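The values are calculated or read from the model by the stated rules, or taken from the named source; none is laboratory data. Predicted model only: the values in this text are computed from it and were never measured. Because the Cβ atoms are built from the backbone with ideal geometry, glycine has one as well, and the counts that use them run over all protein chains shown.
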C-alpha cells in the first residue's frame, strides 16, 4: 500500500482518525474506529493495517520533534496560569498524539514555565520518570505540573467573591465558578461548580446581593439541598 508523503504542516490526524468512518483509502474493509499511535508532524508512512479489525491501529515512522515543532506546540496550548484544567487536557492530548518523549516534554515545558517552575519540573521528572513508559510518563508529568502550577487552596478568595452592584446574577455566578475552580481544590471546571450540592452553594448564595439572597428561601425552602444550577433556575 502506497502512502503519499505529507507536507510540512501539522497534520490534523487526531480529528480525522477519531471519526467513526469507513476509510477505503486505508483499508478495503469498513472499520468502526481508528486509533492513531504516534502521529507526528513528519510522519513518513503507514507501516501496517491489520485487516478485518474493528479497531485499526495506524503506526507511523517518526522523527524527534525539533525546536520549531516544540515552539509551535507551546503556542497552541491554552494558558496554564488562567485555566489549568484546560491546559492539562490539551497537554495530555498533544503528548499522546505526538508520542512525546521525556526530552521533548522537558523542552516544551522550558518554553511554558517560569525559570523557578521549570527547575522544579526538570528536577522532579528527571529523578522519577527517566525510564518510565509513555503511559507512566504522561501521568507523571501531569502530577508534577499539578503540584507546581495546579489550583492553590485559598477559601478566602472564594468567600470574598461576592456579587457587585452592577453585576447580574449570571455574571456573578460565572465569576464565582471560575474562582471556585482556581482556589477550592475540589472542582476541575465551572460545570462541576454548578452541579455542586456542598459548601459552594452556601458560599455562592451568601455572596448574592440582599434582594436575591432573601428570595432563595422564599422561593424554595429546600434551596440549600439543591445544586447551584437549580438555584439559578429558581431565581430566573
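Listing for the model above:
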| read-out | value |
| --- | --- |
| Residue within the range 90-97 that is under 10 Å from the mean Cα position of the chain (by Cα), at pLDDT below 85 and part of a helix (DSSP H, G or I) present | no |
| Matching residues, the range 181-204, being part of a helix (DSSP H, G or I), under 12 Å from residue 231 (Cα atoms) and out of contact with any helix residue (DSSP H, G or I) (no Cβ under 6 Å at 6 or more places or on another chain) | 202 |
| Of residues in the range 66-82 being touching a residue at least 40 places away in the same chain (Cβ under 8 Å) and part of a loop (DSSP other than H, G, I, E, B), the one farthest from the chain's Cα centre (by Cα) | 81 |
| Residue within the range 166-185 that is modelled with pLDDT under 80, surrounded by fewer than 15 Cβ atoms within 10 Å (Cβ to Cβ) and closer than 30 Å to residue 117 by Cβ present | yes |
| Per-region count, the range 214-226, residues at pLDDT 80 or above and either loosely packed, with under 14 Cβ neighbours inside 10 Å or more than 21 Å from residue 167 (Cβ to Cβ) (or both) | 2 |
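Residue by residue, here is whether (1) without any contact (Cβ under 8 Å) to a residue 12 or more places away in the chain; (2) buried (at least 19 other Cβ atoms within 10 Å of the Cβ) holds:
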{"residue": "89", "(1), (2)": "yes, no"}
{"residue": "98", "(1), (2)": "no, yes"}
{"residue": "129", "(1), (2)": "no, yes"}
{"residue": "132", "(1), (2)": "no, no"}
{"residue": "146", "(1), (2)": "no, no"}
